[in-house]
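Below: the structure, in structure tokens.
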Amino acid sequence: MRAFPSAVLSGVLASLLLTGTAAAGTHQLRPIPTGAAALTANPIYKTGELKSATCPERPVRDGDFKGATNYLNSVLRCLNTGWKRQFAAAKLPFAVAKLRTIRRSGMKTGCRTFPRDAQAIYCSKDKTIVFQLDKNVLTGTSDLFLLEAMAHEYGHHVQQLSGIMTTFDSRRYRTEQDYNAASRRLELQADCLSGAFIGSVWSSLKRPESDFAYLRRIATNSPTHGKAANYSYWLNRGFRAKGPGACNTFAARSRVS
Ligand SMILES: [Zn+2]
């Protein structure tokens, strides 16, 4: 029989007691949800409005890659601050997302080669948003589109941290139609989460309503991202609600085509 010296044992007990105290406090975290509950009954939906925050935008000169990178980094700081509180409220573990800007598609990322048809992607492996600042974007740096695209990719980060993305990835889809239907719910939810963030910082952006109205018009129909009208609907729904509770696309019966 092995006996523990009593001093060591009491040390173990003390640490157990301390753990117990911490667990009973406000920092108790729950396991990351899995399965259907992760999609339709995620605790992140019950965290209320994102706290109104200031996220003043610095002007960027057109063509200024470094300036645009700095701008996106300041938006990222606002996103990390705002969403960190929601994860604390949901009692789910939080980690910040990172940003990498690139000048053209075809570059290697932590997940895959950057696709030709994308402006930005989120890589869950290294929790990094990769944003393509090509000539086209750099000629319209005052567009609210940059902030919206960041907030959309951050929506995928929120989905990753809350178990939604892992559940989506682990499911088997029998047909392309099945996959596309699930992908639309995932993407429209990211649009809604983007809208929720924009709504929470809207007053600090000092932009006219027409800038948001413009955002609602820029999507095109896509089998994996949904119809333009549904993008507009979910973006606006999140914007008005200012929180993820409005973004349960996985339980929605309509507007997910
Ligand atoms: Zn997306």
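The values are calculated or read from the model by the stated rules, or taken from the named source; none is laboratory data. What you see is a predicted model; the values in this text were computed from it and never measured. Quick reminder, even Gly has a Cβ in these numbers, built from the backbone with ideal geometry, and neighbours come from all protein chains shown.
Quick notes
- Hey, S257 more than 16 Å from the ligand (Cβ to nearest atom), outside any helix (DSSP H, G or I) and either modelled with pLDDT of 95 or more or among the β-branched types (V, I, T) (or both) or not: yes
- Of all residues in the stretch 33-54, those being in a loop (DSSP other than H, G, I, E, B) and under 16 Å from R240 (Cα atoms) number 7.
- Sole exception among (1) of a type in the set (A, V, I, L, M); (2) more than 16 Å from the chain's Cα centre (by Cα); (3) closer than 10 Å to A120 by Cβ for A149, by number: (2)
- Positions within the stretch 245-257 being touching an Asp or Glu at 6+ places or on another chain (Cβ under 9 Å) and buried (at least 21 other Cβ atoms within 10 Å of the Cβ), in sequence order: C247, T249
- Search result, residues across the stretch 138-175 that are of a type in the set (F, W, Y) and in contact with a strand residue (DSSP E or B) (Cβ under 9 Å, 6 or more places away or on another chain): Y154
- Failed item in (1) at pLDDT below 95; (2) within 24 Å of T47 (Cβ to Cβ), with I218 passing the rest: (2)
- Hey, D211 surrounded by fewer than 22 Cβ atoms within 10 Å (Cβ to Cβ), acidic (D, E) and farther than 18 Å from L147 by Cβ or not: no
- The single residue among V96, V60 that is closer than 30 Å to S142 by Cα, surrounded by fewer than 17 Cβ atoms within 10 Å (Cβ to Cβ) and touching a helix residue (DSSP H, G or I) at 6+ places or on another chain (Cβ under 6 Å) turns out to be V96.
- Entirely in the stretch 121-229, the helices (runs of 4 or more DSSP H) that have 2 or more residues that are within 16 Å of the ligand (Cβ to nearest atom): 145-161, 164-170, 176-205
- The condition of being more than 20 Å from the chain's Cα centre (by Cα), within 16 Å of the ligand (Cβ to nearest atom) and under 26 Å from V60 (Cα atoms) holds for only one of R103, R116, that being R116.
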